[in-house]
1. Given (1) out of contact with any Leu (no Cβ under 8 Å at 6 or more places or on another chain); (2) in contact (Cβ under 8 Å) with a residue 12 or more places away in the chain; (3) in a helix (DSSP H, G or I); (4) over 18 Å from B:Phe162 (Cβ atoms), identify the lone condition not met by B:Leu305.
2. Checking the condition crowded, with 17+ Cβ neighbours inside 10 Å, out of contact with any strand residue (DSSP E or B) (no Cβ under 8 Å at 6 or more places or on another chain) and not aliphatic (A, V, I, L, M), which residue from B:Phe162, B:Phe137 passes?
3. Which residues, taken from the stretch A:52-106, are buried (at least 18 other Cβ atoms within 10 Å of the Cβ), part of a loop (DSSP other than H, G, I, E, B) and hydroxyl-bearing (Ser, Thr, Tyr)?
4. Tell me which helices (runs of 4 or more DSSP H) are completely within the stretch B:210-277 and hold 2 or more residues being within 26 Å of the chain's Cα centre (by Cα), among the β-branched types (Val, Ile, Thr) and within 12 Å of chain A (Cβ to nearest Cβ), or say none if there are none.
5. Which residue pairs have Cβ atoms closer than 9 Å, lie 6 or more positions apart in sequence or on different chains, and pair a first residue in the stretch A:106-123 that is farther than 14 Å from B:Ala47 by Cα with a second residue that is of a type in the set (Asp, Glu)?
6. Here are some conditions: (1) touching a residue at least 60 places away in the same chain (Cβ under 8 Å); (2) surrounded by 15 or more Cβ atoms within 10 Å (Cβ to Cβ). B:Asn98 meets all but one. Which one does it not meet?
7. For the stretch B:37-57, what are the residues that are under 18 Å from A:Ala139 (Cβ atoms) and touching a helix residue (DSSP H, G or I) at 6+ places or on another chain (Cβ under 7 Å)?
8. Give the residue that is farthest from B:Ala38 (Cα to Cα), with candidates limited to residues of the stretch A:130-164 that are outside any loop (DSSP other than H, G, I, E, B) and more than 8 Å from chain B (Cβ to nearest Cβ).
Amino acid sequence: MTISSSSPNALVQLENQVDPDPKTSPRRRVKRKTWQTVVWFIALITITAVVLYPLVWLFVSTFKPNSEFGQNQGLIPNSPTLDNYAKVMEGIAGVPMGQFFWNSFVLAALSVVGTVISSALAAYAFARLQFKGLGVLFAAMIGTLLLPFHVVIIPQYILFNNLGLVDTFVPLLLPKFLATEAFFVFLLVQFIRQMPRDMDEAAKIDGAGHFRVFWSIILPLIRPALITCAIFSFIWAWNDFLGPLLYLTSPENYPLPIALRLYNDQTSSSDYGATVTASFVALLPILLFFIVFQRFLVDGVATQGLKG
Amino acid sequence: MSTTATRVIVTDDSSSKRRLLRKQRPELVSRPGQRQRARRETAAGYAFLVPWLVGFFGLTLVPMAYSLYLSFTSYNIFSPPKWIGLDNYVRLFTADPNFMQSAQITLIYVLVGTPISLLAALAVAMLLNYRDKGAAFFRSAFYAPSLIGGSVSVAIVWRAMFNTDGPVDNGLNVLGIDLGGWIGQPGLILPMMILLSVWQFGSTMVIFLAGLKQVPKELYEAAEMDGANAWRRFRAVTVPLLSPVIFFNLLLGLIGAFQVFASAYIISNGTGGPAGMTNFITVYLYKTGFADGRMGYAAAIAWVLLVVVAIIAFILFRTQKSWVHYSGDNR
């Protein structure tokens with residue numbers, strides 16, 4: 001739209017269109033907007049500082065020599081050192097740090113494989129197939145979403161104990177391969193339901209069976225949701241404390257959280273530096289994961305209401 | 001599901017009823033072979049569900065039933081369970097001050113911590129919703145704690161930070177407040193645990209933010225034209241339109257808070273102290289069942305937890321009608 005200078009009426013008209021309220025001229029409104037944005041930024045930066053302070057403190061503290069804990073009130077170490085890292089890498093209870101890392105990695109990686117496969121299979125059945133009992137089973141699945149996990153830990157422990165599987169990874173991994181984490185099934189069901197049915201109908205007319213439809217059409221379509229599930233199951237397995245605490249008894253089988261507990265119990269009074277550094281090292285893969293995949297994580301939560 | 005059922009009713013291909021129906025409601029009439037297809041689909045459905053079914057029955061439903069049975073017994077793993085009726089439950093509620101304290105602090109933690117977390121999450125979500133530019137960065141930064149909040153690492157950090165001479169204690173000293181550390185103080189450890197849970201507001205906030213994005217801007221503009229102030233707009237537009245999300249976050253927040261374990265266990269070195277103030281129900285359950293070997297009693301604790309969670313979920317679902325609004329579009 002062009003406004004010729006010879007017709008001031010048009011300008012007035014335009015201004016009225018933009019701003020029906022004559023009290024606030026456009027310029028004053030822009031000014032107010034800028035102010036609000038500045039306040040907005042300051043508020044959010046303050047919240048960021050408070051929220052991220054513990055993590056920054058953790059990182060910086062790994063460089064503090066033991067003598068500085070409790071003495072140096074500031075964030076920055078007076079005489080930074082890498083001694084803590086050297087001590088942590090030696091490990092604890094005769095087990096090197098690398099072993100704890102490897103145990104955590106194996107547990108988390110196999111959890112991802114098990115969770116993604118079993119949850120995707122179940123989700124396809126719930127979302128796309130019509131069969132007797134679907135309603136009841138789906139309701140049962142939703143019910144397990146709300147079930148406190150602690151109700152089943154005692155019988156599960158007795159079961160695995162009777163099978164002679166305590167101090168192996170089986171009790172920690174088997175549930176993942178059996179889709180017991182209803183969150184993932186639910187998330188994938190929601191995602192599959194959003195997918196148009198045209199392609200699977202077409203494939204079925206061409207003679208594809210259900211497994212073919214699942215494998216060649218649904219799985220590629222729901223890849224973003226599968227990635228979200230994979231990342232979450234990795235992080236949850238990596239952070240899991242209660243499961244390994246119950247089932248793993250010998251230190252060479254310990255994943256990082258249980259190993260950290262050893263540090264915390266045995267050295268916290270004498271060796272703060274090692275405890276804090278071990279905590280940071282254990283957290284590092286998760287933080288890196290988060291930085292790389294945060295889009296998937298945050299969007300996954302936003303669309304499906306998944307909890308961290 | 002219902003269509004499958006209707007399909008099976010009409011089976012006789014030559015009946016006039018069927019021909020009539022085919023004209024009126026063609027989608028309800030099964031073509032030849034459809035019954036077979038339905039049967040095949042049922043078989044396929046169960047085949048896909050095999051892992052889930054094994055897990056549901058083998059690791060959830062049967063164990064639940066077994067733990068209910070165990071809760072009426074005295075059992076220590078080594079000798080067979082001995083039926084003692086309601087003794088465990090009677091003892092929990094009449095003769096076990098540790099349990100009563102545990103239930104009390106767990107309820108305080110849940111009923112105080114969850115609303116505060118929710119309010120913090122909603123407030124920050126509304127702040128982020130004000131402007132899109134730059135919001136993505138803050139959204140991610142605030143989300144990070146909820147991803148790691150339950151981990152042992154964070155519990156250790158929290159303990160170090162709130163301990164005597166830790167950064168929080170020293171910071172308060174500078175302000176002239178001398179609390180002598182939060183970790184050893186029975187009166188301060190629960191507030192500290194609540195702070196730890198509030199710190200993890202990020203995942204709730206992200207869900208709120210997604211909900212806020214769905215609220216049509218015109219509604220706010222209309223309300224503003226009608227002279228509604230900010231508080232009124234929040235009450236009359238934001239809260240009703242966001243109520244399904246609030247309901248969802250409240251339900252999951254309450255249930256999640258009941259199950260706090262790792263941080264309490266680490267912060268108290270597995271003792272539940274000081275003075276039993278971090279002896280949350282899950283910590284008490286773990287100590288009873290796995291440290292003292294009283295499996296039957298621990299099963300009773302687990303069932304009390306289940307019943308309390310079920311009651312809270314039931315109440316929330318029942319009151320849902322009065323305050324949760326599902327609008328026709330989008331949801």
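The values are calculated or read from the model by the stated rules, or taken from the named source; none is laboratory data. Fair warning: this is a prediction, and the values are worked out from it, not measured in the lab. Methodologically, a virtual Cβ is constructed for each residue, glycine included, from the backbone with ideal geometry; neighbour enumeration extends over all protein chains shown.
1. Status for B:Leu305: all satisfied but (1).
2. Numbers: B:Phe137 fails: crowded, with 17+ Cβ neighbours inside 10 Å.
Of the residues listed, the single one that is crowded, with 17+ Cβ neighbours inside 10 Å, out of contact with any strand residue (DSSP E or B) (no Cβ under 8 Å at 6 or more places or on another chain) and not aliphatic (A, V, I, L, M) is B:Phe162.
3. Hit for the stretch A:52-106 is A:Thr62, nothing else.
4. B:239-258, B:262-267
5. Short answer, once both residue conditions are applied: A:Leu107/A:Asp240; A:Ala108/A:Asp240; A:Ser111/A:Asp240; A:Thr115/A:Glu181.
6. With (1) touching a residue at least 60 places away in the same chain (Cβ under 8 Å); (2) surrounded by 15 or more Cβ atoms within 10 Å (Cβ to Cβ) applied to B:Asn98, the lone miss is (2).
7. Passing the criteria: B:Gly45, B:Phe48, B:Leu49, B:Trp52, B:Gly55, B:Phe56.
8. To start, the set of residues in the stretch A:130-164 that are outside any loop (DSSP other than H, G, I, E, B) comprises A:134-146, A:150-162.
Within this subset, residues satisfying the condition of being more than 8 Å from chain B (Cβ to nearest Cβ) are A:136, A:138-139, A:142-143, A:145, A:160, A:162.
Numbers: A:Val136: 18, A:Phe138: 19, A:Ala139: 21, A:Ile142: 25, A:Gly143: 27, A:Leu145: 29, A:Phe160: 39, A:Asn162: 41 Å.
Among those residues, the one meeting the criterion is A:Asn162.
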